[in-house]
1. When the stretch B:328-350 is examined, which residues are found to be touching an Asp or Glu at 6+ places or on another chain (Cβ under 9 Å) and either of a type in the set (S, T, N, Q) or at pLDDT 95 or above (or both)?
2. Hey, residue A:35 hits all of (1) within 14 Å of residue A:219 (Cα to Cα); (2) within 14 Å of chain B (Cβ to nearest Cβ) but one; which does it fall short on?
3. Which one of the conditions (1) within 22 Å of residue B:304 (Cβ to Cβ); (2) surrounded by 23 or more Cβ atoms within 10 Å (Cβ to Cβ); (3) modelled with pLDDT of 90 or more; (4) among the β-branched types (Val, Ile, Thr) does residue A:210 fail to meet, given that it meets all the rest?
4. When residues of the stretch B:491-547 are filtered for being among the hydroxyl-bearing types (Ser, Thr, Tyr) and surrounded by fewer than 16 Cβ atoms within 10 Å (Cβ to Cβ), how many remain?
5. Restricting attention to the stretch B:76-97, does a residue exist that is surrounded by fewer than 17 Cβ atoms within 10 Å (Cβ to Cβ), free of Cβ contacts under 8 Å to residues at least 40 places away in the same chain and assigned to a helix (DSSP H, G or I)?
6. In the stretch B:297-315, which residue that is in contact with a Phe, Trp or Tyr (Cβ under 8 Å, 6 or more places away or on another chain) and surrounded by fewer than 22 Cβ atoms within 10 Å (Cβ to Cβ) is farthest from the other protein chains (Cβ to nearest Cβ)?
7. Can you tell me how many residues within the stretch B:581-631 are loosely packed, with under 13 Cβ neighbours inside 10 Å and in contact with a His (Cβ under 9 Å, 6 or more places away or on another chain)?
8. Can you pull out the residues in the stretch A:84-107 that are at the interface with chain B (Cβ under 8 Å from one of its Cβ atoms), within 21 Å of residue A:196 (Cβ to Cβ) and part of a helix (DSSP H, G or I)?
Amino acid sequence: MIKLRDITKFYSSGFVKTFVLRNIDLDVREGEFLTVMGPSGAGKSTLLYIIGMLDDASEGEYYFYDQAIHSLNEKKRTQIHQQNIGFVFQSYHLIDELTVYENLETPLLYKKVKADERKSLVADTLDRFRIVAKKNLFPSQLSGGQQQLVAVARAVIINPKLILADEPTGNLNSKQGEEIMELFKKLNREGTTIIQVTHSEKNASYSDRVIHLLDGWMEKESKSIAGGGKPEAGDRKNKSMEKA
Amino acid sequence: MIKNYLKSAWRGIRGHKGYAFINIAGLAIGMAACLLILLWVRDELSFDTFHDNYGAIYLTVPELEGTKYYANPLALAKAFKQQYPEVRKIARYWQWDALVRNGETAFNEQGGLVDDDFLKIFTFPLLKGTPETVFAARDSIVLTERAARKHFGTRDPIGKSLRINNKTELIVTGIMKDIPANSHLQFDLLGSTKLLGERGETSWSYEANTYALLHQNTDMDEFRKKISGFLNEHDKRTKQKVPLHIQPLAKVHLYALNGTDPIVYVYIFLAIAIAILVIACINFINLATARANTRAKEIGMRKVVGAARADIIKQFLGEAILSSTFALLAALCLVYLFLPSFNRLAGKQLTLDIAGDGSIALILAAIVIFSGLLSGSYPAFLLSSFKPVTVLSKGKSSAAAGGTILRRILVVSQFTATIILIIGTIIMSKQLDFIRKKDIGMNRDHVLSISMSREMRSNYPSFKNEIRRNSDIVNVSAARRLPLNISHMNPVFWEGRGPENYLTMTDASVDYDYFETLGMHMIQGRSFDNKFPTDQENYVLNEEALRMTGLSSPIGKMFSIWEDKGRIIGIVKNFNSRSLHSPIGPVVFTLSQRHGSYEYIFVKIKPRNLSATISYLKRKAAEFAPNSLFEYSFLDEEFNRQYAEDRRSGSIYRYFAILAIFISCLGLFGMASFIADQRTREIGIRKVLGASVRSIIAMISRDFLFLLVIANVIAWPLAYYFMGNLLKSYAYRTSISIWVFTAAGGVALLVAQLTVIFQAIRAARANPVDSLRYE
């Protein structure tokens, strides 16, 4: 599904080049749940944004379902992004001026989905995430966990093939965090490819595979069990794999 | 989709009321001002366009001594039409101001004597009567509805008679619609030129406006060439060249025959309208880009969920157009509110009829789209270029920094325009003041001018003798024209220059004591004196006339108007016989009434017992001319009336300059408050490090003051150039001194500083702990 070859990202200021990513090669299969780990400033988020087509690589090639993303123009890229990718952020990033309902509706508007279809999709999603009662509230009226729930719902509503999550539980307490991770797991089981960036070993343990970044280099690749997650997390992992 | 945009725009407006208020109020005021000016401009451009033959009507314009006139020889029209097949119809308009009496009631009316084709050339619709028949009889008179109501009330005036100037009985044969305000011809009654008699057909005296309706396919260049020599072909009295020109009706109102065209004011006002609207739009742009930080997150998020750049651009343009629509609604309320005062100010009867007038709706739509696009496009362009990565990952970013330079440029241009307007306002009022105080060579204080009826004309000598006995009356004289409006040209020659080489000079028929009554000074010789009976044939020249003759010792030399030979007995100091827009021309004074009889009595009175003296004069006038109206005015009022137009534009100009300052400062206020907000953290840190309130105020103000200084540097030379050009329309003009510029710059600086300092103080006095806790 995703094929990165020799992806490099740097910022030039004056004569100094600051490298954020160096020669990344990465393949992600459809249906995979991948975790990107590493210390702050390692380039995790940048990698996520490049995969999400929100940012360009300075060098290298990026194929999304065999489409050469690196050679497409912005308009075409927006189109692919719009059809296939949902984003979830650490700080939710809902639009403050819009209600829950309207926030969910926005991606469908940009996708130019027809009004009646839009209505039923939003209704279904509200139902599925059990936030029907909150549909007319504004983000500022919700708790952090509820906001992130809405954010996930918004990412999911376009039925994306790929969900990219940047520290999705970073601002949540552990119980809320767990709920969100369970949700991701469930979506993954239903077939959605998920790539998450996190510091948390516990979150990483939900995934099939973990890659580590350090100073822009991809260090090593490991199955999450081998990555040294907590035993019980590993157990759960195995169980879910058995199920799958 | 649009609903989604509208929602977020509307909630954005509600959520940031102060910001939205500044934007919308500024834009509304700008639009209202712009709309008023556009209505004014539209009215100016609409003059005479209501005539069906608008494009095909021309006026013949003779040129004497380099000056063009609308007055044509009476005999020109008939010969002109005979000679040129291009002329379909021709008609004269002879100004005819008449005392109109119906039984006991009498009013002075403005009117004209016209040829039969007048109503066929022009579209002045008749309510009663037909253009073919109303002037069939010599004693016909046609009234406007207004005049008919005044003289006859609700009765039907057709067939009734009116007594004109206590002399002629005329029969009402038609009623016409009132003359629209945007007609250069203004009258309440029309008579027939047949009343002029034999003279009206044969005289080559320059008296009547002449309007020719030409065939549509006339080659104008060719025609102009053909008619140029017409007057010399027909009027053989002189060898001097008198070229004949032709002026389209379309140019009568906005183009002057000589000197500055009034259309200059249209351009100036249009420029002001656009400047004010642009200033208001700049506020919008500035505040929108200053607020970019706040909006950045939303834009980033919209892009993440799939918005293309075009979607974001559409959204921001939509918001701008929504805001400008709100602003327009507010502007319309303002216009309805202020239209009556504006009409008073501008001396117009403008209306804003949205439903009934398609072009108004067009103007409104144009204003909304213009200001929406202008104010929305830069923010749309800037904000849509944000990369979601930058704005989302780094939290509060320096995303708005990109707009800083542009914002500065915009503030500078705003204030440049404002300062130019202030300088213009000061110079205009300085010029008007200059006119009021200028020594015009006569003393016009406490001089009453009384219009003279025929009846009074015959009793004038005894009237004069009678009122001279009143001790409150200093002097009495009479003349054909007001001394401010002497414009009756005749050919003159003198010792050493024969009649075949005549020049034209303005001649003034005056009574004894004229110079004394009006406080004019003789610089050579003496004034008219009834001890010398030959003075009836003698002449007094003004300095300018003397200069034209080139005579070195003029007293006693022969001088002649037409065939009336006499001698020069005195030279009077130059005085301004016309408005100060024009230089002093040559004037010859004569006691003779051969070229026109007296029409005004001048009475110099003592300032004490003013009202008693006036009622005394009224009583005496009724004694000597019982059938006439007593109409008087003060000469200084007449003088000021000449500049009514100038004062009007001066005060319109002033109001709009004040508006421009206000809108600019509104924007500055918004900018200052945003910058103060943006720098909250910096200010907090500085305060923790020991900065005083004063140093922080200075820090915030410094930026703005620097921009204002630059604005001044740009505005001064531009203003100097513009105003220098504008003042050229006055022959006598005030100086453009440096204090005007420093004053305007000072005012702008002061007002701007006051605006900014409020925000600066607020920011500087905030508790640093509060602002730092955010991070």
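1. Taking the stretch B:328-350 and keeping what is touching an Asp or Glu at 6+ places or on another chain (Cβ under 9 Å), we get B:346-350.
Passing the criteria: only B:349.
2. Failing condition for residue A:35: (2).
3. (1)
4. The first filter runs over the stretch B:491-547 and keeps only residues among the hydroxyl-bearing types (Ser, Thr, Tyr), leaving B:502, B:504, B:506, B:509, B:512, B:514, B:517, B:527, B:534, B:539.
The next check asks that each one be surrounded by fewer than 16 Cβ atoms within 10 Å (Cβ to Cβ); those that pass are B:534.
Of the residues in that region, 1 qualify.
5. yes
6. Step by step, filter the stretch B:297-315, then rank; the result is B:313.
7. Count: 1.
8. Hit for the stretch A:84-107 is A:107, nothing else.
The values are calculated or read from the model by the stated rules, or taken from the named source; none is laboratory data. What you are looking at is a predicted structure, and each value in this text was computed from that prediction instead of being measured. When we count neighbours, we look across all protein chains shown, and the Cβ atoms used for this are built from the backbone with ideal geometry, even at glycine.
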